[in-house]
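Take a look at the structure below.
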Amino acid sequence: MLKTTAFGHELKRLGYDFYSGVPCSFLKSLINYAINECEYMAAVNEGDAVAIASGAYLGGRKPVVLMQNSGLANAVSPLTSLTHPFQIPVLGFVSLRGEQGLPDEPQHELMGKITTKILDLMGIPWQFLSSDFNEAKLQIETANKWIEKNKPFFFVVKKGTFESESLMIEKHIIHHNKIIIEKNSLDELPTRFETLNVINSLKDENTVQIATTGKTGRELYEMEDAENNLYMVGSMGCVSSLGLGLAYSRNDLDVVAIDGDGSLLMRMGSLATNGYYRPKNMLHILLDNEAHDSTGGQSTVSHNVNMVAIAAACGYEYSIYIHNLKELEEQIQLWKMTKGLTFLYMKISKGSFPNLGRPKVAPHEVKNRLLNYINEKG
């Protein structure tokens, strides 16, 4: 068995000191080590963990993601449509529940057979992690070489690989909402383009804007292709988790995550994670047109959901209903002065900018220039 602390120290020696993940009994010792001695963000699902880690990478960290193989399926979307097109390298550890020949629960049977095949299909290099420390050290070096080539690398971890690591007492902080402002007048329903124009006009050289997949990112690109913008082209629902990882890693930057109703509904659990870790330098703006505008305008169920109340209940410091562009401008300017994790909710009209194009710059080029921009900020 691997001495967990010694193994963790080898990872830390190579710069891996930021972890995000979802617990698994096979990985509990490594998770305990990460909580005890590194920075660990507990994600509500594995896909969010990948997105958080990706944000941390943009902030200059070398991130690790931890998950049970049952959750590998949840992580497929960001692994194929976020880390792959943007060439964001994450180091992953996935357990092998349901290993053939060993007794396990019936729900792990199929995933145990296909775990490594899924990694192969995604083009992710991987190895079974050795329980011999000297071999494992060499494996870490191999993994790090892939990471340095902007490729993810995963270790598949069998039962009994890690020696027991006790968990130190965790501090459970309870964050309460300070201000909630619900709807109190009519919605003016500006277009998405008009709304993005206000948001974009208020950014400064210290701001990074991340726009969710679909027409939100495309319209922001159409408005201004700036080096401190990132246009998500996939990984629907992951924009605020990506923003969380970046904001947490670089508290000197203002991170603005621009979300859509269909996107947020897909991964609403991310609100709880955001509200707990609560970076003061993150502004989360939800533009709600009650439709999946990018796929033909099919209705979402957002009209039946009080997003402002949910964000407040999840621990956002400020959760505010925005009725018009003037209020939007005022609240963004206020946030820039006072900070605090803030959720701004605004109803917009359906439809999009006429003859809307798509970004002509490749995702990995968008990432590289954003990294350069952030690095120049120190």
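The numbers here are math on the coordinates, done by the rules we state, and not lab data. Since the structure is predicted, the reported quantities are computational estimates derived from the model, not experimental observations. Please note: Cβ atoms are built from the backbone with ideal geometry, for glycine as well, and neighbour counts cover all protein chains shown.
Out of all DSSP beta bridges with both ends in the chain, state the antiparallel percent to the nearest 5.
5 percent
What helices does the chain have that are whole DSSP H segments, at least 27 Å long along their own axis by Cα, and with mean Kyte-Doolittle hydropathy of 0.5 or more?
Span-like helices, by this rule, are absent here.
Any idea what the dipole of region 10-122 comes to, in debye rounded to 20, about its Cα centre with Lys/Arg Cβ at +1 and Asp/Glu Cβ at -1?
My answer is approximately 240 debye.
In what order do Leu283, Leu27, Leu138 fall by count of nearby beta-carbon atoms within 10 Å, going from fewest to most?
Sorted ascending by nearby Cβ count, the order is Leu138, Leu27, Leu283.
Quote the relative contact order of region 4-157 in percent (integer), defining contacts as alpha-carbon pairs under 8 Å separated by 6+ residues.
For region 4-157, the relative contact order is 23 percent.
Could you work out the helix-only [θ] at 222 nm for the chain, with each DSSP H run of four or more residues adding -39,500 (n - 2.57) and the total divided by the number of residues, to the nearest 500 deg cm²/dmol?
-12500 deg cm²/dmol
Have a look at the chain and give its Rg and Dmax from the Cα atoms, expressed in angstrom.
20.9, 66
Could you tally the net charge around Ser352, taking each other residue with its Cβ under 11 Å from the Cβ of Ser352, Lys/Arg +1 and Asp/Glu -1?
Every neighbour counted, the sum reads +1.
Order of Lys62, Lys137 from fewest to most other C-beta atoms within 10 Å?
Listed from fewest to most nearby Cβ atoms, that is Lys137, Lys62.
Taking the Cα centre of region 179-376 as origin, work out the dipole magnitude from +1 charges on Lys and Arg Cβ and -1 charges on Asp and Glu Cβ, in debye rounded to 20.
Dipole magnitude for region 179-376 comes out near 460 debye.
Starting with the fewest neighbours, write out Cys314, Cys38 ranked by other beta-carbon atoms found within 10 Å of each beta-carbon.
With the fewest neighbours first, Cys314, Cys38 line up as Cys38, Cys314.
So how do 167-179, 85-97 stack up, highest first, on mean other-Cβ count within 10 Å?
The densest-packed peptide leads the list: 85-97, 167-179.
Which pairs break 24 Å Cα to Cα here: Lys12/Lys145; Lys178/Lys280; Lys326/Lys347; Lys280/Lys350; Lys158/Lys367?
Lys280/Lys350; Lys158/Lys367
Taking 0.36 nm per intervening residue step and subtracting the Cα-Cα distance, what contour gain separates Ser299 from Lys158 on full extension?
So the extension gain works out to 46.4 nm.
May I ask for the net charge around Ser130, where only other residues with Cβ less than 11 Å from the Cβ of Ser130 are counted and Lys, Arg are +1 while Asp, Glu are -1?
It works out to a net charge of 0.
Provide the gained length on full extension for the span Glu194 to Gln333, in nm with one decimal, where the gain is 0.36 nm per separating residue minus the Cα-Cα distance.
Full extension of this stretch gives 48.3 nm more.
If you take every residue apart from Val65 with its C-beta less than 15 Å away from the C-beta of Val65, what net charge results, scoring Lys and Arg +1 and Asp and Glu -1?
Result for the local shell: -1.
Which residue, chosen from Tyr248, Val198, Leu328, occupies the Cα position most advanced towards the positive end of the dipole of region 179-376, where the dipole is computed from +1 (Lys, Arg) and -1 (Asp, Glu) charges on Cβ about the Cα centre?
Tyr248
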